[in-house]
Amino acid sequence: MASSSPRLVRRVPFAPRGPGAAHVAGTHVATDTAAPDTAARHADASDADALLTREWLVTNGLGGYASGTLGGVTTRRYHGLLVAALPAPLGRVVIVSQLGERLRFPDGRVVWLTGEEREGGALYLEGAGRLREFRLEMGLPVWRYDLDGVVLEKRLLMPRFQNTVHVAYRLLEAPGTMRFTLRPLMAGRPHEAPVDHPLPADPVVTARTGRLEVALAPDLPPIALRMAGRARAAFTLDALHVQHLHYRLEGSRGYQATGDTWSPGYFRIDLSPGDDAVFVASTESPDVVEAFLPDEALAAEMGRRSMLLDASRADCADPVAAQLVLAADQFIIQPATRVADTARAHAASEEARSVIAGYHWFTDWGRDTMIALEGLTLVTGREAEARDILRTFARHFRDGLIPNLFPEGDQTGLYHTADATLWFFHALDRYERVTGDTALAASLLDALDASIEAHRAGTAFNIHVDPADGLLVQGAEGYQLTWMDAKVGDWVVTPRRGKAVEINALWYNALRLHAAWLDAAGEGERASRAAREADRVAAAFNARFWNPATGCLFDVVDGETGDDGAVRPNQVLAVSLPHAVLAPDRWAAVIDTVARELLTPVGLRSLAPGHREFCPRYFGDLRARDAAYHQGTVWAWLIGPFVDAWLRVHPGRLAEARALVEGFVPHLDEAGIGTVSEIFDATEPYTPRGCIAQAWSVAEVLRVWHLTGAEGERRPALTETGAQDRGGRP
């Protein structure tokens with residue numbers, strides 16, 4: 001399965017130094033060429049960091065994915081070559097966790113390509129140590145190995161909207177025919193379950209014409225396995241329980257780190273130079289799996305990705321923009337686990353669409369989706385999907401709120417959020433301004449009316465307007481309702497109960513947008529009421545939130561312990577939103593303070609370093625990590641609002657604004673290759689942490705990369721603010 005000439009190739013830097021050695025970003029991984037009869041070798045784990053800390057990701061548009069490390073070692077519970085997105089109540093399930101890949105030379109020598117780590121720290125990286133190149137071709141991973149003159153290339157893809165994976169191998173150079181053996185290792189556990197989750201008790205293996213069928217468990221669909229190539233592949237039934245595999249990242253995060261897998265047997269095929277072999281695993285029906293030959297599936301996926309680049313508003317002649325456009329594609333999904341959403345959408349001749357907030361462990365979250373919508377869909381020219389996303393979430397309005405998140409394997413959402421709904425107003429406005437489609441907001445006006453009224457009167461979780469000043473109050477015991485939502489057991493780390501700065505900036509923005517939509521609908525009296533309410537909010541905001549002691553804004557006022565003067569990034573939204581609530585004469589002071597205290601090359605810190613609760617590193621078990629999550633940890637998505645606000649203060653200075661996001665360019669070659677991480681440590685070297693691929697991180701970096709380039713300058717609709725409010729004064 002060879003690709004045609006791809007338009008975008010991203011090579012991860014390698015510098016081989018002689019036979020039997022590979023360099024990955026300066027890290028030396030030696031191989032033992034003095035022991036040719038050894039099937040695997042023990043490596044110093046400290047030498048292999050570059051192979052084990054950088055990860056690849058491929059998604060299928062359903063929420064399913066394939067992911068692992070460059071070295072092939074499974075270090076997370078979430079790693080797998082086929083993590084299928086199955087209808088509720090199953091959710092995402094690790095089907096094929098790994099492939100045992102073995103190449104036998106004509107002289108009888110054997111080399112294992114796949115690395116593994118065993119309990120006790122024994123790390124095996126024989127083939128991975130001879131990895132000569134890792135690259136992304138149009139976002140899809142390709143490995144090239146040089147095994148003492150034998151050159152083998154491997155690539156992986158998941159056909160769109162299928163729980164299917166293709167892993168293709170091509171023997172490029174060899175002294176003769178090589179025997180290639182491949183053993184699928186299977187798990188059948190929920191992807192968020194601990195790695196010691198019990199294996200299926202009685203798997204059943206059945207031979208079908210052209211494929212093997214494995215019934216792992218009664219509640220899982222049968223899994224089809226097959227191997228195809230010019231030469232005929234054979235399968236040997238040899239069930240094996242592989243024990244004591246070590247998942248190092250799980251251990252470092254305070255979770256169970258040792259687990260087992262099961263294999264039904266192994267495939268074998270003889271390869272001559274130029275030959276291909278393709279392994280296919282799928283939970284789909286045979287008709288779906290066999291609809292494409294592997295070469296056809298690759299051509300179709302490459303063509304789809306080329307169309308994404310062609311359709312994008314971003315300048316995809318720029319490799320950074322092009323890579324981010326392909327990274328954005330990974331998050332836009334048809335929510336396969338929620339069949340009810342699909343049924344409701346199809347009944348209205350629409351498509352259900354949503355956004356996975358982050359890989360590997362997030363589902364779709366309302367807040368993240370609305371913040372990311374502009375970068376993921378509008379910058380990339382995917383307006384129809386933007387509309388479908390907004391309609392999908394609009395169907396879930398309840399008590400004036402959209403869901404905070406949809407739990408794994410569940411049909412219904414959880415609503416404990418004070419800001420997701422206000423971000424919905426913002427996302428709808430961005431959609432309307434970019435597309436010119438006013439019909440969508442008009443069709444949703446009843447829901448928007450009900451939402452505003454629910455906020456005025458008081459809705460769930462004590463979200464309500466304070467009648468004394470019109471500001472929005474939020475906070476319920478035991479809940480974390482803002483985006484700073486870390487919680488460990490009953491401990492809400494940053495409760496921020498009271499009047500939070502960004503919640504009120506978003507409330508003001510929503511009121512202004514609501515007034516405009518009412519006016520467009522001919523509801524002049526109600527529009528005037530909303531505008532007067534917005535004026536009142538702006539006056540109260542500017543009177544209450546300015547903190548002369550810090551020269552910026554309070555994070556929370558009228559909170560449980562009074563006014564919170566911690567310097568946090570949330571205040572940026574008072575300047576950056578299209579309808580900015582803060583008076584313009586205070587914009588520069590806020591942005592200067594945030595730049596001095598919070599700005600890093602990869603986003604904004606969540607707390608200024610001088611604060612007593614500042615945490616420089618996000619590391620350790622769940623409690624330690626959540627204690628640091630919003631107490632200094634850098635968030636990539638915040639670079640978007642910051643650049644918007646900075647350009648408000650320094651209009652037209654695009655080159656300087658572009659410099660604020662250039663720190664993300666080298667990051668595309670670390671952590672999740674070709675994508676942007678969720679968070680980073682708060683101090684140098686700003687180590688990436690959390691999810692390796694986060695929707696709002698990619699979306700906001702792409703959006704401001706586009707905004708600060710020539711293409712962004714020519715397309716003002718993406719940053720147009722309309723009738724700009726000046727702190728409540730037209």
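Structure data summary
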{"quantity": "Pick from segment 210-249, criterion basic (Lys, Arg) and in a loop (DSSP other than H, G, I, E, B), ranking: farthest from Ala297 (Cα to Cα)", "calculated": "Arg232"}
{"quantity": "Among the residues listed as Phe425, Phe461, the single one being assigned to a helix (DSSP H, G or I), more than 27 Å from the chain's Cα centre (by Cα), over 20 Å from Gly562 (Cβ atoms) and of a type in the set (A, V, I, L, M, F, W, C)", "calculated": "Phe461"}
{"quantity": "Test: residue in segment 149-164 that is more than 22 Å from Val58 (Cβ to Cβ), at pLDDT below 95 and part of a loop (DSSP other than H, G, I, E, B)", "calculated": "yes"}
{"quantity": "Any hit, segment 435-443, residues being touching a helix residue (DSSP H, G or I) at 6+ places or on another chain (Cβ under 6 Å), β-branched (Val, Ile, Thr) and surrounded by 19 or more Cβ atoms within 10 Å (Cβ to Cβ)", "calculated": "no"}
{"quantity": "Residue that is nearest to the chain's Cα centre (by Cα) [pool: residues in segment 609-640 that are among the hydrophobic types (A, V, I, L, M, F, W, C) and in a loop (DSSP other than H, G, I, E, B)]", "calculated": "Phe619"}
{"quantity": "Only one of Ala595, Ala588, Ala549 that is out of contact with any helix residue (DSSP H, G or I) (no Cβ under 9 Å at 6 or more places or on another chain), of a type outside the set (Phe, Trp, Tyr) and surrounded by fewer than 20 Cβ atoms within 10 Å (Cβ to Cβ)", "calculated": "Ala549"}
{"quantity": "Residue in segment 22-34 that is at pLDDT 95 or above and β-branched (Val, Ile, Thr) present", "calculated": "no"}
{"quantity": "Phe461 vs. criteria closer than 23 Å to Ala516 by Cβ and either at pLDDT below 95 or aromatic (Phe, Trp, Tyr) (or both)", "calculated": "no"}
{"quantity": "Qualifying residue in segment 169-186 (condition: touching a helix residue (DSSP H, G or I) at 6+ places or on another chain (Cβ under 9 Å) and in the same structural domain as Asp270 (by TED's automatic domain parsing))", "calculated": "no"}
{"quantity": "Filtered residue count, segment 250-268, keeping only those that are closer than 17 Å to Gly120 by Cα and part of a strand (DSSP E or B)", "calculated": "3"}
{"quantity": "Count of residues meeting criterion [surrounded by fewer than 24 Cβ atoms within 10 Å (Cβ to Cβ) and among the aliphatic types (A, V, I, L, M)] in segment 605-639", "calculated": "4"}
{"quantity": "Enumeration of residues in segment 245-259 that are surrounded by fewer than 17 Cβ atoms within 10 Å (Cβ to Cβ) and either in contact with a Leu (Cβ under 7 Å, 6 or more places away or on another chain) or over 16 Å from Asp49 (Cα atoms) (or both)", "calculated": "Gly254, Tyr255, Gln256"}
{"quantity": "When residues of segment 391-414 are limited to those that are part of a helix (DSSP H, G or I) and not β-branched (Val, Ile, Thr), the one surrounded by the fewest Cβ atoms within 10 Å (Cβ to Cβ)", "calculated": "Ala394"}
{"quantity": "Criterion: touching a strand residue (DSSP E or B) at 6+ places or on another chain (Cβ under 6 Å) and free of Cβ contacts under 8 Å to residues at least 24 places away in the same chain - qualifying residue of Ala231, Ala277, Ala215", "calculated": "Ala215"}
{"quantity": "Out of Thr417, Thr380, Thr369, sole residue that is in contact (Cβ under 8 Å) with a residue 12 or more places away in the chain, assigned to a helix (DSSP H, G or I) and not basic (Lys, Arg)", "calculated": "Thr369"}
{"quantity": "Those residues of segment 383-403 which are within 17 Å of Thr459 (Cα to Cα) and without any contact (Cβ under 8 Å) to a residue 40 or more places away in the chain, in sequence order", "calculated": "His396, Arg398, Ile402, Pro403"}
{"quantity": "Per-region count, segment 186-209, residues part of a strand (DSSP E or B) and over 16 Å from Tyr255 (Cβ atoms)", "calculated": "7"}
{"quantity": "Unmet criterion (only one of (1) touching a Gly at 6+ places or on another chain (Cβ under 9 Å); (2) without any contact (Cβ under 8 Å) to a residue 60 or more places away in the chain) for Glu656", "calculated": "(1)"}
{"quantity": "Every residue from segment 274-313 that is more than 27 Å from Thr377 (Cβ to Cβ), touching a Leu at 6+ places or on another chain (Cβ under 6 Å) and charged (D, E, K, R)", "calculated": "Asp275"}
{"quantity": "Qualifying position, being under 18 Å from Val493 (Cα atoms), in contact with a Phe, Trp or Tyr (Cβ under 8 Å, 6 or more places away or on another chain) and β-branched (Val, Ile, Thr), among Val602, Val581, Val634, Val572", "calculated": "Val634"}
{"quantity": "Residue match in segment 575-584 (condition: more than 18 Å from Leu471 (Cα to Cα), in a helix (DSSP H, G or I), small (Gly, Ala, Ser) and without any contact (Cβ under 8 Å) to a residue 40 or more places away in the chain)", "calculated": "no"}
{"quantity": "Which listed residue, of Arg532, Arg536, Arg526, is in a helix (DSSP H, G or I), of a type in the set (Lys, Arg) and in contact with a Leu (Cβ under 6 Å, 6 or more places away or on another chain)", "calculated": "Arg526"}
{"quantity": "The listed residue being touching a Lys or Arg at 6+ places or on another chain (Cβ under 6 Å) and either more than 16 Å from Leu123 (Cα to Cα) or not assigned by TED's automatic domain parsing to the domain that holds Asp276 (or both), out of Arg232, Arg211", "calculated": "Arg211"}
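Table: residues versus (1) touching a helix residue (DSSP H, G or I) at 6+ places or on another chain (Cβ under 7 Å); (2) surrounded by fewer than 21 Cβ atoms within 10 Å (Cβ to Cβ); (3) assigned to a helix (DSSP H, G or I).
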| residue | (1), (2), (3) |
| --- | --- |
| Phe279 | no, no, no |
| Ala299 | no, yes, yes |
| Met302 | no, yes, yes |
| Ser306 | no, yes, yes |
| Ala314 | yes, no, no |
| Ala328 | yes, no, yes |
| His346 | no, yes, yes |
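The values are calculated or read from the model by the stated rules, or taken from the named source; none is laboratory data. From a predicted model like this one, the values you see are computed outputs, not experimental measurements. Glycine gets a Cβ as well: all are built from the backbone with ideal geometry, and neighbour counts include every protein chain shown.
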